[in-house]
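The values are calculated or read from the model by the stated rules, or taken from the named source; none is laboratory data. What you see is a predicted model; the values in this text were computed from it and never measured. Counting neighbours? That spans all protein chains shown, and the Cβs are built from the backbone with ideal geometry, glycine included. The protein model used for the area step is the full one, side chains on, heavy atoms only, and it has no ligands, DNA or RNA in it. Shrake-Rupley method; radii C 1.70, N 1.55, O 1.52, S 1.80 Å.
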Amino acid sequence: MQSSPSQPPLERGKACSRCRRRKMRCDGQRPACGQCVRADRAEDCEYMDGPGPTQNQILEGEIARLEGRIAELSAGSAPLTLHDPYAAWHAAQRTTQHTNDPMQALVRHFVQHATEFGFFLHIHRFLDKVFSSGSSHSNSLRILLNVIYLIGAKLSNNPQVQAQEQAYLTRALQHLPTALPEDPRGAIYVMQAEVILANYFFNNKRQLEGVYHTNAAVSIAMAAKLHMIRSARRSRTAADPSTYRLPAPVDTLEEGERINGFWTVFILDRCWAVASGSAPAFTDDEANGTQIDTPWPMDLVMYQSHPFPNDFRTTKTVQTFISGVDADANIAQQSMLAMQAKAAIMYEGATRLASRYNPSSQATFLSLDNRIERFKQALPRIDRFDPSRVDILRTALLVHTLAQCATIQLHSPIVQDRVTANSRTYQAAHAAVKTLRSVHVGILNYVNPFFGILWGTVGKVISQGMATARQLRATGAGPAQGMPDERTLQAELNMLAMAMDQSAPFSPLMAAQIRTVRPSRTT
């Protein structure tokens, strides 16, 4: 909606919240003003003069409360409780509940892409529990099932099933805050539900809700002391009121689910903290009792075939890796989840260091740069994986892309917008596209939502290279003077756009991020 030039300015305080934050002139159009519509941010256009708080205000308040809750857990001062951030608008969102849902079909849709939504439980044991005859489901398991039905409905090709997506979402959100008190062992199911919901909201370009559910998962992980599994240190006190005490695992597989669950939440927190411009909720601070000692995750079958010895203990897992003491020589034998966690550590650490870059801190910069390069060189190539395991291929591609984007993040303050063929940011972007070409684009129809952020970063660098090439060409510079090959750059942008196009129909986030690639495409 375009406001006319003669339209009088709005009264003070009447602009939408987004225009006020960005100090832009707002035309006051509703339901979305012209500025927000032109920026494709209509969903963020909210006015503060309504009868109550907006949805975003509610969520921002809940995120602040959860961040305070995580701080309390670090200080050891309060028991775990989760509240419903949607209570103020549930009445308006309720839809008819359906009792004849095609459960097994929905679960099958989900299972095909469970990895992309952060599913860390042993899938066969979980399905046996869900579908075994005569078994009753706990409240926490029912909540997780509703979240799985939600994803199954989203991924379904049946329009009638897709129409149930909001009903499953409403049902899961309504019951989520009541799950933990009644079912201590079910805390892992609730944490799993929070992880899937976080990825669902991030994928749908609803970042505030994604951050809320990420923080809820972190809160459960910390309260259950999942960061201290197999720790060589003693817990501060066995009666610590900030803990949510889980029963001892029934076997090595359940312990493995808890270890993998912790690292799944850790990866979610580290990656999306970068995307949202905030600090990670996991602080890894010994003084606050949040030091991460949990061993690196393994494939779930390994916990059964090669269980940890009874006296196996670990300490300072993340800190040891960053320092380089934890060598990368055997990384090819580690699980994909361990590789992903290590790549996420590099990515977030590079972003944090770059945000406070100072030429006087070259030693720290070079140390991390070398650490990232050693990690990238140790990663197994994509073609070493079984081509029939598309879930493994997608995760391997994510790990490689995360690692290359760590280099991009670290070197961005130095290169800035003037990207040449010799720029470290372009070299990393070029390597990311080269790795992308090693997989069949058809397997990328459903991918981890964070690919949208990573490919957007890669596309931005290549677009900057294209702009630099045009500027240099205009001044008569040649390839010897560092001008990127425009045809190569265009081919790389086209490759990125092709990959992003695969999942854009199912991912509003990807559909938005693809605009970072397309403006520079030539006809």
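Would you check if residue 248 is open to solvent by 10 Å² or more (accessible area, probe 1.4 Å), assigned to a loop (DSSP other than H, G, I, E, B), farther than 22 Å from residue 404 by Cβ and in contact (Cβ under 8 Å) with a residue 40 or more places away in the chain?
Against the criterion (open to solvent by 10 Å² or more (accessible area, probe 1.4 Å), assigned to a loop (DSSP other than H, G, I, E, B), farther than 22 Å from residue 404 by Cβ and in contact (Cβ under 8 Å) with a residue 40 or more places away in the chain), residue 248 does not qualify.
Report the residue count in the stretch 398-417 for those that are under 25 Å from residue 443 (Cα atoms) and in contact with a Phe, Trp or Tyr (Cβ under 9 Å, 6 or more places away or on another chain).
Going through the stretch 398-417, the residues under 25 Å from residue 443 (Cα atoms) turn out to be 398-406.
This time we only want the ones that are in contact with a Phe, Trp or Tyr (Cβ under 9 Å, 6 or more places away or on another chain), so: 398, 401-403, 405-406.
The total comes to 6.
Which ones in the stretch 372-410 are outside any helix (DSSP H, G or I) and in contact with a His (Cβ under 9 Å, 6 or more places away or on another chain)?
379, 381, 387
Against the conditions (1) open to solvent by 70 Å² or more (accessible area, probe 1.4 Å); (2) at negative phi; (3) modelled with pLDDT of 65 or more, where does residue 27 fall short? Just the number, please.
The number of the failed condition is (1).
Within the stretch 250-305, which residues are of a type in the set (Ser, Thr, Tyr) and either closer than 15 Å to residue 345 by Cα or touching a helix residue (DSSP H, G or I) at 6+ places or on another chain (Cβ under 8 Å) (or both)?
Hits for the stretch 250-305 are 252, 264, 276, 278, 283, 290, 294, 303.
For the stretch 310-319, does any single residue satisfy the condition of being open to solvent by 20 Å² or more (accessible area, probe 1.4 Å), more than 24 Å from residue 192 (Cβ to Cβ), among the β-branched types (Val, Ile, Thr) and in a helix (DSSP H, G or I)?
Scanning the stretch 310-319, I find no residue that is open to solvent by 20 Å² or more (accessible area, probe 1.4 Å), more than 24 Å from residue 192 (Cβ to Cβ), among the β-branched types (Val, Ile, Thr) and in a helix (DSSP H, G or I), so the answer is no.
Taking the stretch 277-309 as the search range and keeping residues that are open to solvent by 10 Å² or more (accessible area, probe 1.4 Å), of a type in the set (S, T, N, Q) and part of a loop (DSSP other than H, G, I, E, B), which one is modelled with the lowest pLDDT?
Once the filter is applied, the top-ranked residue is 288.
In this structure, does residue 274 turn out to be in contact (Cβ under 8 Å) with a residue 60 or more places away in the chain, part of a helix (DSSP H, G or I) and either out of contact with any strand residue (DSSP E or B) (no Cβ under 9 Å at 6 or more places or on another chain) or surrounded by 19 or more Cβ atoms within 10 Å (Cβ to Cβ) (or both)? Full working, then the answer.
Working: in contact (Cβ under 8 Å) with a residue 60 or more places away in the chain: yes; part of a helix (DSSP H, G or I): yes; either out of contact with any strand residue (DSSP E or B) (no Cβ under 9 Å at 6 or more places or on another chain) or surrounded by 19 or more Cβ atoms within 10 Å (Cβ to Cβ) (or both): yes.
When the stated conditions are applied, residue 274 passes them.
Looking for something surrounded by 12 or more Cβ atoms within 10 Å (Cβ to Cβ), under 32 Å from the mean Cα position of the chain (by Cα), closer than 22 Å to residue 515 by Cβ and modelled with pLDDT of 70 or more - is there at least one such residue anywhere in the stretch 43-54? If you could, list the steps in order and put the result at the bottom.
Step one: of the stretch 43-54, the residues surrounded by 12 or more Cβ atoms within 10 Å (Cβ to Cβ) are 43-48, 53-54.
Subset that is under 32 Å from the mean Cα position of the chain (by Cα): 43-48, 53-54.
Then keep just the ones that are closer than 22 Å to residue 515 by Cβ; that gives 43-45.
Pick out the ones that are also modelled with pLDDT of 70 or more and you get 44-45.
Yes, the stretch 43-54 contains a residue that is surrounded by 12 or more Cβ atoms within 10 Å (Cβ to Cβ), under 32 Å from the mean Cα position of the chain (by Cα), closer than 22 Å to residue 515 by Cβ and modelled with pLDDT of 70 or more.
Restricting the first residue to the stretch 385-414 and requiring it to be within 19 Å of residue 111 (Cα to Cα) and polar (S, T, N, Q), which pairs with a second residue that is open to solvent by 10 Å² or more (accessible area, probe 1.4 Å) and in a helix (DSSP H, G or I) meet a Cβ separation below 7 Å and a spacing of at least six or different chains?
Final answer for the pair search is 395/115; 395/336; 395/340.
Being closer than 15 Å to residue 425 by Cα and under 21 Å from the mean Cα position of the chain (by Cα) is the filter here; which residues of the stretch 347-378 pass it?
Matches in the stretch 347-378: 347, 350, 351, 354, 372, 376.
For (1) open to solvent by 30 Å² or more (accessible area, probe 1.4 Å); (2) assigned to a helix (DSSP H, G or I); (3) of a type outside the set (D, E, K, R); (4) at pLDDT below 90, each residue gets a yes or a no:
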| site | (1), (2), (3), (4) |
| --- | --- |
| 174 | yes, yes, yes, yes |
| 196 | no, yes, yes, no |
| 202 | no, yes, yes, no |
| 213 | no, yes, yes, no |
| 233 | yes, no, no, yes |
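Output the residue which, of all residues in the stretch 421-445 that are open to solvent by less than 30 Å² (accessible area, probe 1.4 Å) and not in a helix (DSSP H, G or I), is farthest from residue 118 (Cα to Cα).
For the stretch 421-445, the residue satisfying everything is 423.
Tell me which residues, restricted to the stretch 446-471, are open to solvent by less than 20 Å² (accessible area, probe 1.4 Å) and of a type in the set (A, V, I, L, M, F, W, C).
447, 450, 451, 454, 455, 458, 461, 462, 466, 469
Can you report the number of residues in the stretch 115-164 which are among the hydroxyl-bearing types (Ser, Thr, Tyr), open to solvent by 60 Å² or more (accessible area, probe 1.4 Å) and at pLDDT 90 or above?
Qualifying residue count, the stretch 115-164: 1.
Could you say whether any residue in the stretch 361-379 is surrounded by fewer than 23 Cβ atoms within 10 Å (Cβ to Cβ) and among the aromatic types (Phe, Trp, Tyr)?
Yes - at least one qualifying residue is present in the stretch 361-379.
Taking the stretch 195-231 on its own, how many of its residues are over 20 Å from residue 245 (Cβ atoms) and hydrophobic (A, V, I, L, M, F, W, C)? Give the steps one after another, and end with the answer.
Taking the stretch 195-231 first, the residues over 20 Å from residue 245 (Cβ atoms) are 195-215.
Filter once more, keeping what is hydrophobic (A, V, I, L, M, F, W, C): 195-198, 201-202, 208, 211.
So the count comes out to 8.
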